[in-house]
Amino acid sequence: TIFATPAGPWARISDPAVAYDPLHNVWMISTLAIDDSVSGAAILTSRSTDGGLTWGDPVTTSLSSGTFYDKNWITCDTWPQSPHYGNCYQEWDEPTLYMSTSTDGGLTWGPKKSASTSGIGGQPVVQPDGTVVVAYEGGAGIRAFRSEDGGNTWLASVAVASGSEHGVAGNLRTSPLPSAEVAGDGRIYVAWQDCGFRNGCPSNDIVYSTSMDGVAWT
């Protein structure tokens, strides 16, 4: 139980993200817990070991000590050939971007670690060799950082692309937060909104960049 009604410590839950760990046969949902005093108070992980039919009480991945948690995401290493097969990775920002790793199907999560970078909207993906790449909105563009050792350490971020954004009419809440995915050959695709292809920035397009190593981007 998560919510305060009928029972549970949190007023609301937001920002769900779903991942599957084939090694441990576990579905996981990462969520952002909200209470009455802190908008982003904790990162929680709900687990199902029967294909989503039932869910256990959530595991606390990280508990805030008063900082504002936001924009969590989760992914797992689903590549049998990877040396870190079965690792799962969660990301959130405070606004420093933090990562936590689980090696036991989400039952426990390691201490939060950082690449010493700030931003928002990070999305980790895992390549077939086990490299984890996290694309995010950072400053005036899209950036990415990575881990090559199963989340033990996180390397400094690199620029993916500079960005320019057209303000959307109607007071719609929008941002060039990236969406990321990885193909079977290991190529990473990162997409976001950008007006740079239009003279005078009159509207946004969906643009994307790709990389085979998380360092050099098209």
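The values are calculated or read from the model by the stated rules, or taken from the named source; none is laboratory data. Predicted model only: the values in this text are computed from it and were never measured. Methodologically, a virtual Cβ is constructed for each residue, glycine included, from the backbone with ideal geometry; neighbour enumeration extends over all protein chains shown. Surface accessibility is based on the protein's heavy atoms, side chains included, excluding ligands, DNA and RNA. Shrake-Rupley method; radii C 1.70, N 1.55, O 1.52, S 1.80 Å.
Given +1 on the Cβ of Lys and Arg, -1 on the Cβ of Asp and Glu, and no further charges, what dipole in debye does the stretch 56-110 carry about its Cα centre, rounded to the nearest 20?
60
Could you give the dipole magnitude of the stretch 59-170 about its Cα centre, charging the beta-carbon of Lys and Arg +1 and that of Asp and Glu -1, in debye to the nearest 20?
Approximately 100 debye in magnitude.
With the crude spin-label approximation of a point 7 Å out along Cα→Cβ, what separation in nm comes out for T108 versus N171?
Here the modelled spin labels are 4.9 nm apart.
Please check which bits of the stretch 73-106 a label hung off W55 would reach, taking the label as a point 7 Å along Cα-to-C-beta and the cut-off as backbone N under 17 Å.
Correct set: 73-75, 106.
Report the one residue of W79, Y89, S175 whose Cα lies farthest in the direction of the positive end of the charge dipole of the chain (charges on C-beta: Lys and Arg +1, Asp and Glu -1; origin at the Cα centre).
Highest projection toward the positive end goes to S175.
Work out the charge dipole of the chain with +1 on the Cβ of Lys and Arg and -1 on the Cβ of Asp and Glu about the Cα centre, then indicate which of G184, A140, G8 is farthest towards its positive end.
A140
Using every Cα-Cα pair within the stretch 34-100, state what percent have a distance larger than 14 Å.
Cα-Cα pairs in the stretch 34-100 separated by more than 14 Å: 65 percent.
Just how much of V59 is accessible, in Å², when a 1.4 Å probe is used and the result is rounded to the nearest 10?
Roll a 1.4 Å probe over it and V59 shows about 30 Å².
With θ set to phi - 60°, apply the Karplus curve 6.51 cos²θ - 1.76 cosθ + 1.60 along the stretch 49-62 and write out the HN-Hα couplings as whole Hz, x wherever there is a Gly or Pro.
10, 10, x, x, 5, 9, 10, x, 4, x, 8, 7, 6, 8
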